[in-house]
Every structure is written in C-alpha cells, then in structure tokens.
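Working notes, beginning with the structure itself.
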Amino acid sequence: LQKLLSECGVEAQQRPAQGDGDIGGRASGLPVSAYLGLALKAGDVSVSQVPSGSPAAQAGISAGDILVALNGLRVTAGNWAKHVARLQPGRACTLQFFRGDELLAVTVLPQKPPRDTWMLTMMPDARGEVLKRRKRWLGA
C-alpha cells in the first residue's frame, strides 16, 4: 500500500492510535503508553468490543462486561483514559468487572500499542508523472 501511494505522491505511515476516538491522520495528543484491547461504550464503563487476541480477550474480558476498578481504583467513563495512561506494557494489572450479577477479577498484561492507525500526507516534492497521477486520482 505504501509503495502504491508513493507512486501518487502520498506518504503513508502507520502509528499507534491515541485512544478510542482516534480516526487517523496527524497525531494530536500524547501517545498511548499501553494497550489493553478493549473499547467502552461512549459515556459508560460497559465494554463495547474486545478484539480477538488482545490482552483483554486473553484475560477473558467480553463485550457487555461492566468495569468497576483497575488496580483497585474505581473507574468511570471520565477517568478511564487517565487510569489506562498510567499502565506500562508488560506490567500486569488487575481489572474488576461485573458480568451479569457476578463480580469478577482478572489479571491483564498490557502490551505496547499496535501500529494500527494510518496517517497520509501529500509529498511536497512530488513532480512530473507522480504529480499528474495524484491529480488524476484525487480529481484535482
């Protein structure tokens, strides 16, 4: 993909996402230090998704679980990102949650964030055929 885009004068780079709301493009904040591999419903502490193979999936977290605490500290929709920002890859943490009426606790081993977010930029030095291809592709 990177080679094909470069033939149109576009540079493609992968980087770690900076949180659940990161939709790509230029990074606009601090990088995420650790990755648990779960997403919460907006404004809630209910787990909305857990990618297979992620640290949370390996620990047994499922969509629908309701988070209660991380390392013994209560989590809310407002403080979740702050708690996760304190985690370090390779250093285990404990996650407490409700699954139905049952209170469960699991150990999760955070990983380095995957480079799963793309940033595309126009190559300012594009000339000749490369620039023509880019203009045809973008309709400019």
Would it be correct to say that LEU5 is open to solvent by less than 30 Å² (accessible area, probe 1.4 Å), at negative phi and not in a loop (DSSP other than H, G, I, E, B)? yes
Taking GLN14 as the residue in question, decide whether it is under 30 Å from ARG134 (Cβ atoms), part of a loop (DSSP other than H, G, I, E, B) and out of contact with any Cys (no Cβ under 7 Å at 6 or more places or on another chain). no
Of GLY100, GLY43, the only residue that is at positive phi, out of contact with any Leu (no Cβ under 6 Å at 6 or more places or on another chain) and open to solvent by less than 70 Å² (accessible area, probe 1.4 Å) is GLY100
Go through the range 54-89 residue by residue and tally those that are assigned to a loop (DSSP other than H, G, I, E, B), out of contact with any Asp or Glu (no Cβ under 7 Å at 6 or more places or on another chain), farther than 18 Å from LEU104 by Cα and open to solvent by 50 Å² or more (accessible area, probe 1.4 Å). 4
Look at LYS132 and say whether it is farther than 20 Å from GLN18 by Cβ and surrounded by 13 or more Cβ atoms within 10 Å (Cβ to Cβ). yes
Is there any pair with a first residue in the range 106-134 that is small (Gly, Ala, Ser) and a second that is open to solvent by less than 90 Å² (accessible area, probe 1.4 Å) whose Cβ atoms are under 9 Å apart and which are 6 or more apart or on different chains, and what are they? ALA126/CYS8; ALA126/GLY9; ALA126/VAL10; ALA126/ARG133; ALA126/ARG134
Output for the range 103-127, where each listed residue is open to solvent by 90 Å² or more (accessible area, probe 1.4 Å), under 22 Å from VAL68 (Cβ atoms), outside any loop (DSSP other than H, G, I, E, B) and not hydroxyl-bearing (Ser, Thr, Tyr): LEU103
Of (1) in a strand (DSSP E or B); (2) closer than 30 Å to GLU11 by Cβ; (3) of a type in the set (Val, Ile, Thr), VAL130 fails just (1)
All positions within the range 9-22 that are open to solvent by 50 Å² or more (accessible area, probe 1.4 Å) and at pLDDT below 70: ASP20, GLY21
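The values are calculated or read from the model by the stated rules, or taken from the named source; none is laboratory data. What you are looking at is a predicted structure, and each value in this text was computed from that prediction instead of being measured. Here the Cβ is made from the backbone with ideal geometry for all residues, glycine too, and neighbour counts use every protein chain on show. For the accessible areas, the whole protein counts, side chains as well, though only heavy atoms, and no ligand, DNA or RNA atoms are used. Shrake-Rupley method; radii C 1.70, N 1.55, O 1.52, S 1.80 Å.
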